[in-house]
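The values are calculated or read from the model by the stated rules, or taken from the named source; none is laboratory data. Note that the structure is predicted; figures quoted are calculated from it, not measured. All Cβ positions, even for glycine, are placed from backbone atoms using ideal geometry, and neighbour counts span all protein chains on display.
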Amino acid sequence: MFRICGIGVIIGLISAIPPGPARSAEQWPQRTVRLIVPFGAGSGPDFAGRLFADRLSERWKQPVVVENRPGADGLIGTATFVNLRDDHVLLFSAAAPLSVLPVLQEKLPFDPARDVMPISAAADTFGAVAVSASLQIGSLAELVTLARARPGQINYHALPGAFPILFAGFAKSAGLEMVYVSYRETTAAVLDLAEGRIQVMLATLPPLLPQVNAGKVRLLAVTNKLRAPIMPTVPPANEAGFPALTYESIAGFFGSRDLPSERRDRISVDIRSVAAEKGIGERLAAVGQVARGSTPAAFATAIEEQRIQISSIARLVGTKPAQ
C-alpha cells in the first residue's frame, strides 16, 4: 500500500540527488567555443592559437574552432570579438592590439581596459634584428658602427605593431640616421632583405628562418630577454649591450568583460596546464616561440608594462597617435 508523500518530502528527496555534469549551471563550455585570432592564417599567433585550441578541445570535450579575422594590426579581429559579447567566444591575440594600438591611434572602436579581459598568456614569439648577409656584419655593435659611418644610406623595415616604434627608439638612442621602407607584405620585405635591397629588418623569427637557413640573412640579436631555443647562439639585445631593443612579443587568451571571474580563473588553469605540456613547448620552439602560461593578473601586468614601454618610446621619437 502506497502513501502520498507531502510536497516537502518530495522536494527533500529531489534535492538529495547529486547533480550530474549536465545539470550544473556552472558547466562550461556547453557548445562549440569560437577562438577569434585577429591575425592571418600561418602567423605566429595563429600557429600558437591552433595548438592550444586542439588541447583545450580535448580537455573541455567540446570543439574549439579558430576563426581568423586579420586586418589593421589586429584591430579588426579584436573589435569583432568585443562586439560579439558571446560567452562561448574567446580571443587569442598578441598583446599589441591592447598595448600598442592605443599609443598609435587616438580613438579605438573598443576600450582595451574595459572590453577585453586577460585570462592567461600562452606563448612568446621571438623578435629579431636581421641583416642582409651582403653587409658582412655579425653583431649589433657592428651595425651601429656601419650606420654611423653611412648616415641616411641604410634602409630598414620593421613589422607593423610595436617593432617600428621599437626600432626608431633604438636608432635615436644610438644616434643613427636610417631610412624606413614600408611594405604591404612581410614576404616581400624578407625577400628584399635576402637580396640586399634593404639592409636591416626587425621581425618575428618565423618568416626570417628560411632565409637564415639559406645563408642570405643573418640574425644579430633577439628582442626577448632570453635566447630562442631554435637559435641559441643569437644573443638577446640587452645582453649585446642594447637594452633599447628589448621587447617581449607576448600572446594569450582573452575573454569579454562579462566573463565571470570564477570561469576566467578555471580557463586560465587549463591554459597553463596546456602550456606546461612538453609537446606544446617543443612544437612552439620549432617555429621560434616559447610556451608561457600565467595567471590573469600576471598577464594583465605584462600587457600594462608593454603599453608603458611603447608609450615612453613613442614620446622619445615624437610619435603621435593618428586621429
- [ ] Pick out the one residue from 49, 12, 20, 44 that is modelled with pLDDT of 85 or more and either surrounded by fewer than 21 Cβ atoms within 10 Å (Cβ to Cβ) or under 20 Å from residue 268 (Cα atoms) (or both).
- [x] 49
Open item on the list: Just to verify a result, which residue in region 287-302, among those that are assigned to a loop (DSSP other than H, G, I, E, B) and under 23 Å from residue 47 (Cβ atoms), is nearest to the chain's Cα centre (by Cα)?
Closed with: 292
Task: Subset tally (residues that are in contact with a His (Cβ under 7 Å, 6 or more places away or on another chain) and of a type outside the set (Val, Ile, Thr)) for region 181-228 - done: 3
Open item on the list: So, in region 218-233, how many residues would count as being surrounded by 22 or more Cβ atoms within 10 Å (Cβ to Cβ), modelled with pLDDT of 95 or more and either of a type in the set (A, V, I, L, M) or not assigned by TED's automatic domain parsing to the domain that holds residue 138 (or both)?
Closed with: 3
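Scanning region 166-183 for residues that are hydroxyl-bearing (Ser, Thr, Tyr) and not in a strand (DSSP E or B), which turns out farthest from the chain's Cα centre (by Cα)?
At the first step, the residues of region 166-183 found to be hydroxyl-bearing (Ser, Thr, Tyr) are 173, 180, 182-183.
Keeping just the survivors that are not in a strand (DSSP E or B) gives 173, 182-183.
Working: 173: 26, 182: 22, 183: 21 Å.
Restricting to residues being hydroxyl-bearing (Ser, Thr, Tyr) and not in a strand (DSSP E or B), the top hit is 173.
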Open item on the list: Considering only region 122-133, I want to know if a residue exists there that is assigned to a helix (DSSP H, G or I), under 29 Å from residue 233 (Cβ atoms), at pLDDT below 95 and of a type outside the set (A, V, I, L, M).
Closed with: no
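For the structure I just gave you, tell me whether residue 85 is of a type outside the set (A, V, I, L, M) and within 19 Å of the chain's Cα centre (by Cα).
In short, no.
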- [ ] Spot the failing condition for residue 262; the list is (1) over 21 Å from residue 292 (Cβ atoms); (2) of a type outside the set (A, V, I, L, M, F, W, C); (3) not assigned by TED's automatic domain parsing to the domain that holds residue 40, and only one is missed.
- [x] (3)
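Here's the yes/no breakdown for (1) of a type outside the set (Asp, Glu); (2) modelled with pLDDT of 95 or more; (3) touching a helix residue (DSSP H, G or I) at 6+ places or on another chain (Cβ under 6 Å); (4) surrounded by fewer than 20 Cβ atoms within 10 Å (Cβ to Cβ):
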| position | (1), (2), (3), (4) |
| --- | --- |
| 258 | no, no, no, yes |
| 263 | yes, yes, no, yes |
| 266 | yes, yes, no, yes |
| 269 | yes, yes, no, yes |
| 275 | yes, yes, no, no |
| 285 | yes, no, no, yes |
| 294 | yes, yes, no, no |
| 298 | yes, yes, no, yes |
| 301 | yes, yes, no, yes |
Open item on the list: Tell me yes or no: at least one residue of region 166-182 is without any contact (Cβ under 8 Å) to a residue 60 or more places away in the chain, among the aromatic types (Phe, Trp, Tyr), more than 21 Å from residue 238 (Cβ to Cβ) and surrounded by fewer than 17 Cβ atoms within 10 Å (Cβ to Cβ).
Closed with: yes
TODO: Could you please let me know if residue 196 is touching a helix residue (DSSP H, G or I) at 6+ places or on another chain (Cβ under 8 Å) and under 22 Å from residue 105 (Cα atoms)?
DONE: no
Task: Every pair of residues 6+ apart whose Cβ atoms lie under 7 Å, when the first sits in region 276-303 and is not assigned by TED's automatic domain parsing to the domain that holds residue 229 while the second is of a type in the set (Phe, Trp, Tyr) and in a helix (DSSP H, G or I) - done: 287/47
Open item on the list: I need the full set of residues from region 184-201 which are at pLDDT 95 or above, in a loop (DSSP other than H, G, I, E, B) and either assigned by TED's automatic domain parsing to the domain that holds residue 99 or not small (Gly, Ala, Ser) (or both), in order please.
Closed with: 197, 198, 199
